[in-house]
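Below you'll find the structure, written out as structure tokens, and then a few comments.
What follows is calculated from the coordinates using simple rules that are stated; it is not laboratory data. For clarity, every value in this text was computed on a predicted model and none was experimentally measured.
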Amino acid sequence: MNTLPSTYIIDAKGKAIGRIASEAAMALMGKKSPSYRRNIASDVSVTIVNASKAKIDERKMKEKEYKTYSGYPGGLKSEPLEALAKRRGYGEIFTLAVYGMLPSNRLRPIRMKKLTVTE
């Protein structure tokens, strides 16, 4: 069993968001490791580099919307991908994409802490 922490580096240059996010999610879950156990968070850390150079279609930049809800009546807000990238950076887009591809259980926050996105 490999006890040393390993690092996966994914280059986002010229690749689609979903392809990168699914590869990162698989690595964070530990499915690329022979010592995979579904109830234990793996010791793998993932770094996505060149996030701002990813291939994003113009139509997706305008039409894809991210929604947030405050919990109060009338608290549903949405903003397009273009505005989110301008406001929070491309790293936030990849973080949300990977977050959505991980299973929603107690291990998700632990796995998300092992994700690093650089622009």
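Rounded if a/c is under 1.5, else prolate if a/b is larger than b/c, else oblate: which is region 77-119, with a ≥ b ≥ c the root eigenvalues of its Cα gyration tensor?
The shape class here is oblate.
Would you mind telling me which residue in 17, 48, 40 has the biggest mean-square fluctuation in a Gaussian network model of the chain, where springs connect alpha carbons within a distance under 10 angstrom?
Checking each option, the largest mean-square fluctuation is seen for 40.
Mean Kyte-Doolittle of at least -1.0 and a Cα length of 15 Å or more along the axis: which whole DSSP H helices of the chain meet both?
Sorted by number, the helices that extend far enough and score high enough are 17-29, 90-101.
Please list, in order along region 64-77, the HN-Hα scalar couplings obtained from phi with the Karplus expression 6.51 cos²θ - 1.76 cosθ + 1.60 (θ = phi - 60°), rounded to whole Hz, x for Gly and Pro.
5, 10, 10, 10, 10, 10, 7, x, 9, x, x, x, 7, 10
Find how much the distance from residue 96 to residue 66 grows on full extension, using 0.36 nm per residue of separation minus their present alpha carbon separation; answer in nm with one decimal. Numbers along the way, then the final one.
Details: separation 30, 0.36 × 30 = 10.80 nm, distance 0.93 nm.
Separation in residues times 0.36 nm, less the Cα-Cα distance, equals 9.9 nm.
In angstroms, what radius of gyration and Dmax does region 50-93 have, counting Cα atoms only?
Both quantities, over Cα of region 50-93: 12.0, 39 Å.
Please work out the ratio of the alpha-carbon Rg of the chain to 2.2 N^0.38 Å and round it to two decimals.
This ratio for the chain stands at 1.15.
Report the relative contact order of the chain, percent, no decimals, based on alpha-carbon pairs under 8 angstrom and at least 6 residues apart.
32
For a quick check, take a GNM of the chain with Cα springs below 10 Å and name the residue from 33, 52, 78 with the largest mean-square fluctuation.
Greatest mean-square fluctuation among the candidates belongs to 78.
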